[in-house]
Amino acid sequence: MSNEKHSIIIGLTGQTGAGKSTVSSIFVKNGFSLIDADRISREIVLPGMPCLEELFDFFGSAIRNPDNTLNRKALAELVFTDQRKLESLNSICHPFITEEILARISHFIAEGHSLILLDAPTLFESQASDFCDLIISVVARPDLRCSRIMKRDNLTETEARNRMDAQLSEEFFIGHSDYVIRNNEDCEQLYALAEEVADKIKVYYHTIEG
C-alpha cells in the first residue's frame, strides 16, 4: 500500500452576510489549510498589477484614485446596479484569481496538506467549484443578511440589498452543495454547526484514505 498522502479541496462559499468568514475561521482552527480567494482578489488589483490595468482600461477614470489605486466604492456603485457591468468585472478578474488559486493549491499539495479549504465568495461564478471535491455553502435569512452587511460595510439598506440581489439565489447554493450551514441563530449555534461539518469532512477524508 502506498504511503503517499492525498489532499482534498473543500470549497466554502455562500451568501453575502451569511457568516462565511466566521465559518472559515472555525475550519482553520480545526486544522484545515486556507486559501482565501477574497484576499487574492484584493492582491490582484494592487497598483501595477495587470488585472488593475485591465479594469482601468475597461471602466475608465471613474474607478481610479489620484494615487492610481482602485476606487472600490466607485467600482461597487457601477457593478452592483448593472448586471452586465458586474459580468464584465468578473470576466476580467476571475482568470487572474483562478490562476493564483491553482498555484496555491499546488503549493499546499506539494507540502503535504491534506485538507485544503478554498474560501471563495464567487466559487460558482468563477468556476473554481470545478477544483473542489466537496462544497459547503453558508446561507441565512435575507433580513439578517441585510442588517449584517449594513453594519459590516457601513452601507445603506438599498446598497446592501443591491449586493444581495447580485448574487446567486439561496436555492442555487443549496442545490449545488454537499453541506449547507444555516446561520439564522446566534454565534454559538454557528460554531456548533461548523464544527459538526468539519468533523464529518475529517471522517470522510480518513474513509477515502482508508
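The values are calculated or read from the model by the stated rules, or taken from the named source; none is laboratory data. Just so it is clear, the structure is predicted and the values come from calculations on it, not from any experiment. As a convention, Cβ positions derive from the backbone with ideal geometry for all residues, glycine included, and neighbour counts pool all protein chains shown. These area figures cover heavy atoms from the full protein model, side chains too; ligands, DNA and RNA do not enter into them. Shrake-Rupley method; radii C 1.70, N 1.55, O 1.52, S 1.80 Å.
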| field | Total residues in segment 151-198, condition more than 16 Å from ALA18 (Cβ to Cβ), of a type in the set (Asp, Glu) and in contact (Cβ under 8 Å) with a residue 12 or more places away in the chain | value | 3
| said: Whether any residue in segment 57-64 is farther than 13 Å from SER126 by Cβ, assigned to a loop (DSSP other than H, G, I, E, B), open to solvent by 30 Å² or more (accessible area, probe 1.4 Å) and not basic (Lys, Arg) is what I want to check. | reply: no
| request: Identify the single condition in (1) within 17 Å of GLU99 (Cα to Cα); (2) touching a strand residue (DSSP E or B) at 6+ places or on another chain (Cβ under 8 Å); (3) surrounded by fewer than 19 Cβ atoms within 10 Å (Cβ to Cβ) that ALA37 does not satisfy, given that it satisfies every other one. | output: (3)
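Check segment 30-48 and report whether any residue there is more than 17 Å from LEU118 (Cβ to Cβ) and in contact with a helix residue (DSSP H, G or I) (Cβ under 8 Å, 6 or more places away or on another chain).
The initial filter retains those residues of segment 30-48 that are more than 17 Å from LEU118 (Cβ to Cβ), namely 45-48.
Checking the rest, the ones that are also in contact with a helix residue (DSSP H, G or I) (Cβ under 8 Å, 6 or more places away or on another chain) come to 45-46.
Yes, some residue in segment 30-48 is more than 17 Å from LEU118 (Cβ to Cβ) and in contact with a helix residue (DSSP H, G or I) (Cβ under 8 Å, 6 or more places away or on another chain).
So which residues in segment 9-32 are under 30 Å from GLU87 (Cα atoms) and outside any loop (DSSP other than H, G, I, E, B), if there are any at all? Full working, then the answer.
Taking segment 9-32 and keeping what is under 30 Å from GLU87 (Cα atoms), we get 9-25.
Scanning segment 9-32 gives ILE9, ILE10, GLY11, LEU12, THR13, GLY14, LYS20, SER21, THR22, VAL23, SER24, SER25.
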| message | For the condition at pLDDT 95 or above and either open to solvent by 40 Å² or more (accessible area, probe 1.4 Å) or among the β-branched types (Val, Ile, Thr) (or both), what is the one hit in ASN30, ASN71, ASN3? | response | ASN71
